[in-house]
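Worksheet: one structure, shown below.
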Amino acid sequence: MSASTPTNHAPAQVLRPDRKRNRLGYNILALVTAGVMAFPVYWLIVSSLRPNHEIRSYDQTLWPSSLTFDNFARAVKQDNFATAIQSSLIVSVTAVVGGMIIATLAALAIGRFRFFGRKALMMIMILVQMLPPTAMLIPIYLQLNAMGGIDEYWGLIVVYLVSTLPFATIMIRGFVINIPVELEESAMVDGCTRMGAFRRVIFPLLAPGLAAASIFALVNAWNEYLFAYILINDNSKYTLNVWLMTFTTERGTDYGALMAASTLISIPVVIFFMIIQGKMATGLTSGAVKG
C-alpha cells in the first residue's frame with residue numbers, strides 16, 4: 001500500500017490575469033505621469049543647448065540639430081552674475097538653517113509639552129499656510145520699510161524664514177510625537193541631560209523630518225521671486241531669480257542665455273537633494289536601537 005507523501009513546499013503565488021492587467025495599467029500611468037513631469041526639465045536643458053536662431057524657429061524638434069555652449073558663456077558673463085549667486089546663497093542658507101533650528105525647538109515644545117493654547121497655536125499655523133503670499137505683500141513691505149529692512153538681506157531672510165516656519169514645525173512635530181518618550185527617559189536615566197538625550201536619541205530620529213523640511217525651505221527660498229523683486233531694489237543685491245530679468249531688454253529676450261541661466265540655477269537644489277535624500281530613509285531607525 002503506497003501513500004502519497006505530502007510536500008512541504010508552499011505553492012508559488014501566481015497573479016491573476018486581472019491583477020496583471022491592473023499592474024500593467026498602473027505602470028503605464030506612472031511612466032506617462034513621470035514623462036509629463038520630466039518633459040519641461042528636458043526642454044529647458046535642450047533649449048539651453050540650442051542656437052538662438054533655432055530657438056526662435058517655428059519648426060521645433062525634440063533634439064537640436066546642433067549643440068552649442070555659447071548660451072552658458074553669455075549667461076555667466078552677464079552683469080551681476082556673481083553677486084546674484086552670493087545674494088541667493090546668503091539669503092537661502094541663512095533662512096534654511098535658522099528656520100530648521102526654530103522649527104525643531106517649536107516642534108519639540110508642541111510635541112512634548114502640554115501648555116495652554118497649544119491646539120490654538122497649531123490651528124493658527126495651519127491657517128497661516130492657507131494665506132496667499134500676495135495677500136501679505138503690502139503689510140510685510142510697510143513693516144519692513146518702517147524697520148529699515150528694504151534693500152537689506154536680513155529683511156528678505158526674515159520673510160523666507162517666517163514663511164516656511166509653520167510648515168516645517170508641523171512636519172517635524174509629526175516625527176516628534178512618533179518618537180517614544182521612553183527612549184528619551186531611558187537616556188536621561190543613563191546619565192544624559194535633556195539636551196544630551198535630544199542630541200543622542202531624538203535628533204537622529206528627526207533626520208527624515210529635518211531633511212524633508214529643509215528641502216522644502218530651500219526650494220521656497222531659492223526659487224522665490226515676488227518678495228525678492230519687491231523688497232530688494234539694489235541691482236548688486238538681486239537674487240538669482242530676479243537677476244534672470246536682465247536677459248529681457250528693450251531689444252528683446254535672449255532665450256538661449258535665459259534657459260542656460262535657469263539650468264545653472266537649478267543645479268544647487270538638485271545637488272542638495274542628492275546629498276540629503278539618504279537621510280530621509282536611514283534616519284527613520286538611526287539611534288532607535290542600542291547596538
Checklist entry - Which FRET efficiency, nearest 0.05, do Arg118 and Trp63 yield, Cβ-Cβ r, R0 51 Å? => result 0.35
Item to check | Glu182 paired with Leu131, simple spin-label distance in nm, labels 7 Å along Cα-to-beta-carbon | outcome: 4.3 nm
Checklist entry - Based on the Cα atoms of the range 140-220, what semi-axes does the equivalent ellipsoid have, where each is the square root of 5 times one gyration tensor eigenvalue, given in whole Å with the largest first? => result 35, 14, 10
Checklist entry - Hey, what did the range 219-273 get for relative contact order, percent, Cα under 8 Å, at least 6 apart? => result 29 percent
Item to check | Estimated [θ] at 222 nm from DSSP helical runs (n ≥ 4, -39500 (n - 2.57)) normalised by residues in the chain, nearest 500 | outcome: -21500 deg cm²/dmol
Checklist entry - Using a probe of 1.4 angstrom, how much of the accessible area of the chain is carbon and sulfur, in percent? => result 67 percent
Item to check | Debye intensity ratio I(q)/I(0), log10, the range 51-106, q values 0.23 Å⁻¹ (C-alpha model) | outcome: -0.90
Checklist entry - Going 7 Å from the Cα of Arg251 toward and past its Cβ, which residues in the range 66-85 have a backbone nitrogen under 18 Å from where you end up? => result 70-80
Item to check | Calculated over the chain: convex hull of Cα atoms, volume per residue (Å³) | outcome: 288 Å³
Next on the checklist: For a quick check: with amide H placed at 1.01 Å from N, whose amide H comes under 5 Å from Gln78's, ignoring anything fewer than 5 positions away on the same chain?
Outcome noted: none
Checklist entry - In what sequence, largest accessible area first, do Glu152, Glu224, Glu185, Glu250 appear using a 1.4 Å probe? => result Glu250, Glu185, Glu152, Glu224
Checklist entry - Any idea which of Ala228, Val159, Phe116 is furthest toward the positive side of the dipole for the chain, if Lys and Arg beta-carbons carry +1 and Asp and Glu beta-carbons -1? => result Phe116
Checklist outcome for this item: Each label sits 7 Å from Cα toward the beta-carbon; between Val32 and Ser236 the label points are separated, in nm, by 5.5 nm
Item to check | the chain, relative contact order [Cα under 8 Å, separation at least 6], % | outcome: 29 percent
Checklist outcome for this item: Looking only at aspartates and glutamates whose Cα falls under 17 Å of Lys237's and that sit 8 or more positions away or on another chain, we get Asp79, Asp151, Glu152, Glu224
Checklist outcome for this item: Length gained if Ile85 through Val41 is fully extended, taking 0.36 nm per residue and subtracting the Cα-Cα distance, is 13.7 nm
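The values are calculated or read from the model by the stated rules, or taken from the named source; none is laboratory data. Keep in mind that what you see is a predicted model, and the values were worked out from it rather than measured. Virtual Cβ from ideal backbone geometry, glycine too; neighbours counted across all protein chains shown. Keep in mind that these areas ignore ligands, DNA and RNA; they rest on the heavy atoms of the full protein, side chains included. Shrake-Rupley method; radii C 1.70, N 1.55, O 1.52, S 1.80 Å.
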